[in-house]
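The structure appears below as structure tokens.
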Amino acid sequence: MASKRRSKEVAKAIVKKAKVSVGEKTFCSYVQKDGVPQIYADYHDAEWGRPCKDDNQLFEMLSLEGAQAGLSFITILKKREGYRRLFNNFDIELVAQMSEQEIAKIATDPAIVRHKAKVASVVNNARLVLDIKQDGQSFADYVWSFQPASDDTKEARKDKAQHMSDDLKKRGFKFVGPTIVYAFFQACGVVNDHSPNCPAYKSIVKDYHT
């Protein structure tokens with residue numbers, strides 16, 4: 001019996017790690033069109049891993065990854081429009097001007113995850129992004145300065161995330177641990193972690209050269 005259970009467990013693990021085929025296309029393993037919410041599948045297909053060089057969009061991505069801490073990203077994705085509405089579409093300059101009263105009010109709004117420390121971190125981080133920009137560097141240039149080489153191992157890529165996390169923390173950023181920063185790298189295209197067989201992979205590789 002134990003052997004049979006073990007065999008089933010191994011089989012499940014193999015299926016979990018496998019790439020999922022839809023028609024003649026092979027997608028990343030976590031995207032199963034018949035099992036994953038459409039909003040998540042669409043995010044994978046159109047956004048996740050696409051190189052982003054826009055300061056406000058990068059700030060949004062970093063903020064949403066921070067909001068995810070301790071939660072599943074689908075929870076945040078479903079509330080993304082609420083975050084955009086409450087945080088002025090993540091306009092860095094507007095967010096940086098938010099008051100303590102506004103932070104307290106936003107932290108009670110059911111349109112987002114009601115966590116005051118996370119809400120406050122968005123405003124705090126916006127102000128620190130402005131500091132980076134005042135030093136003559138765009139936020140995009142700062143973020144992409146941590147881009148690993150395309151042939152780096154996953155461990156080397158994680159080291160880059162650790163380096164950025166350490167630097168952000170020194171600057172005073174909140175909710176920017178290495179796991180969050182690596183997820184941010186994946187989201188904004190600093191690393192391309194799509195399966196090489198995923199349709200998104202090759203188009204993203206082309207984006208790196210445009």
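Things worth noting here:
- Pairs with Cβ under 8 Å, 6+ apart, first in region 42-56 and within 22 Å of Asp91 (Cβ to Cβ) and modelled with pLDDT of 85 or more, second among the basic types (Lys, Arg) and not in a loop (DSSP other than H, G, I, E, B): Asp55/Lys133
- Matching entry among Val176, Val119, Val190 (being under 26 Å from Met98 (Cα atoms), of a type in the set (Val, Ile, Thr) and within 16 Å of the chain's Cα centre (by Cα)): Val176
- Candidates in region 79-124 are the residues that are among the acidic types (Asp, Glu) and in contact with a helix residue (DSSP H, G or I) (Cβ under 9 Å, 6 or more places away or on another chain); of these, the one that is surrounded by the fewest Cβ atoms within 10 Å (Cβ to Cβ) is Glu100.
- Gly66 being assigned to a helix (DSSP H, G or I) and either closer than 14 Å to Phe184 by Cα or touching a residue at least 40 places away in the same chain (Cβ under 8 Å) (or both): yes
- The sole residue among Asp141, Asp131, Asp152, Asp135 that is of a type in the set (D, E, K, R), surrounded by fewer than 15 Cβ atoms within 10 Å (Cβ to Cβ) and under 23 Å from His44 (Cβ atoms) is Asp152.
- Here Ala41 qualifies as in a helix (DSSP H, G or I), aliphatic (A, V, I, L, M) and surrounded by fewer than 21 Cβ atoms within 10 Å (Cβ to Cβ).
Residue-wise test of (1) modelled with pLDDT under 95; (2) of a type in the set (D, E, K, R); (3) farther than 24 Å from Val190 by Cβ.
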{"site": "Leu94", "(1), (2), (3)": "no, no, yes"}
{"site": "Gln97", "(1), (2), (3)": "no, no, yes"}
{"site": "Gln101", "(1), (2), (3)": "no, no, yes"}
{"site": "His115", "(1), (2), (3)": "no, no, yes"}
{"site": "Ala120", "(1), (2), (3)": "no, no, yes"}
{"site": "Ala126", "(1), (2), (3)": "no, no, no"}
{"site": "Leu130", "(1), (2), (3)": "no, no, no"}
{"site": "Asp135", "(1), (2), (3)": "yes, yes, no"}
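- Subset of region 80-121 [in contact (Cβ under 8 Å) with a residue 40 or more places away in the chain, aliphatic (A, V, I, L, M) and out of contact with any Phe, Trp or Tyr (no Cβ under 6 Å at 6 or more places or on another chain)]: Val113, Ala117, Ala120
The values are calculated or read from the model by the stated rules, or taken from the named source; none is laboratory data. From a predicted model like this one, the values you see are computed outputs, not experimental measurements. Glycine also receives a Cβ, built like all others from the backbone with ideal geometry; neighbour counts cover every protein chain displayed.
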